[in-house]
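Structure first, commentary second.
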Amino acid sequence: MEFGLNVTDIIGYLASLCMILGYMPQAVMTIRTRDTDGISLMTFSMMGLGSVFFVINGIMWGNYPLVVTNLITAVCSAIIFSIKIYNDYFKNKGKL
C-alpha cells in the first residue's frame, strides 16, 4: 500500500483548497452583512446543485476529498441561497 502523493493527488487537493477558499469568504460576508443585492440567484442555485452532484459522484467513486470539498461548497451555497431568497422575497417584498 502506497501513501505518497502523486501529481494528480496534489492537483486535486489544490483544486479542493481553491474551491473552499472561493466559496467561504462569500458565505461569511453574506452571513455577516445579509447583503445579497450583488448575488445572482441563478448562479448560486446552479453552483450549489453542481456541488450536490459532485458529492453524489464522489460517493459513487469513493473519492472522499471530492465529497468533503463539495459538501462544504454546497453548504456555503445553500446558506447564500437561503439568505438571498429571504432578502428578495420576504424582506424586500414591499420594495419590488
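The values are calculated or read from the model by the stated rules, or taken from the named source; none is laboratory data. These numbers come from a predicted model, not from an experiment. Glycine gets a Cβ as well: all are built from the backbone with ideal geometry, and neighbour counts include every protein chain shown. Quick note on the areas: whole protein, heavy atoms, side chains included, nothing else; ligands and nucleic acids left out. Shrake-Rupley method; radii C 1.70, N 1.55, O 1.52, S 1.80 Å.
With the requirement that a residue be of a type in the set (Ser, Thr, Tyr) and open to solvent by 80 Å² or more (accessible area, probe 1.4 Å), what does the stretch 19-32 give you? Residues satisfying the conditions do not exist here.
One residue stands out in the stretch 4-13 among those that are of a type outside the set (A, V, I, L, M, F, W, C) and part of a helix (DSSP H, G or I): the one that is least open to solvent (accessible area, probe 1.4 Å), namely Gly12. Anything in the stretch 38-50 that is open to solvent by 40 Å² or more (accessible area, probe 1.4 Å), without any contact (Cβ under 8 Å) to a residue 24 or more places away in the chain and of a type outside the set (Ser, Thr, Tyr)? List them, or say none. Across the stretch 38-50, the qualifying residues are Gly38, Met42, Met46, Leu49. Within the stretch 51-60, the only residue that satisfies the criterion of being open to solvent by less than 60 Å² (accessible area, probe 1.4 Å), over 11 Å from Ala78 (Cβ atoms) and within 12 Å of the chain's Cα centre (by Cα) is Val55. In the stretch 1-60, of all residues being of a type in the set (D, E, K, R) and at pLDDT below 90, the one that is farthest from Phe90 (Cα to Cα) corresponds to Glu2.
Residues that are of a type outside the set (A, V, I, L, M, F, W, C) and in contact with a Leu (Cβ under 9 Å, 6 or more places away or on another chain) within the stretch 1-57 comprise Gly12, Tyr13, Ser16, Ser51, Asn57, listed in sequence order. Taking the conditions (1) small (Gly, Ala, Ser); (2) part of a helix (DSSP H, G or I); (3) open to solvent by 60 Å² or more (accessible area, probe 1.4 Å) in turn, Ser16 satisfies each one other than (3).
Would you check if Asp35 is surrounded by fewer than 17 Cβ atoms within 10 Å (Cβ to Cβ), outside any helix (DSSP H, G or I) and not polar (S, T, N, Q)? Against the criterion (surrounded by fewer than 17 Cβ atoms within 10 Å (Cβ to Cβ), outside any helix (DSSP H, G or I) and not polar (S, T, N, Q)), Asp35 qualifies.
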